[in-house]
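Enquirer: Got a structure here, written out as structure tokens. Questions coming.
Bear in mind that the values in this text are calculations on the coordinates, not laboratory data. Here the structure is a predicted model, which is why all the values come from computation and not from measurement. Cβ sites come from the backbone with ideal geometry, for glycine too, and all protein chains shown count toward neighbours.
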Amino acid sequence: MGIGGISMWQLLILLLIVVLVFGTKRLRNMGGDLGAAVKGFRKGMEEVKDDVEEKLEPDQIAPEKSAEAPTGEAAKNKSSSS
């Protein structure tokens, strides 16, 4: 079974039809354009994140995901202060 209930053979046939319709050169160009768009989006998101972190005080910035979740007394203090 393949992706979402589609078998591998069906995916290969679909890929063959797409290549026949668009051609390999056009698909390569679309792939490059899509990659550039994703790269630009990620760069923009990083810039926004940097701007937000720059404007906020250090104690207002949410901590990164940590390996351990707060437990016991620390969790109670954190939830009651919110």
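Enquirer: Using a Förster distance of 35 Å, how high is the FRET efficiency between S7 and D33, based on the Cβ-Cβ distance and rounded to 0.05?
Expert: According to the calculation, E is roughly 0.70.
Enquirer: Now for a separate question. Could you check the spin-label model distance between F22 and F41? Points 7 Å from the Cα along Cα→Cβ, value in nm.
Expert: Roughly 1.5 nm, to one decimal.
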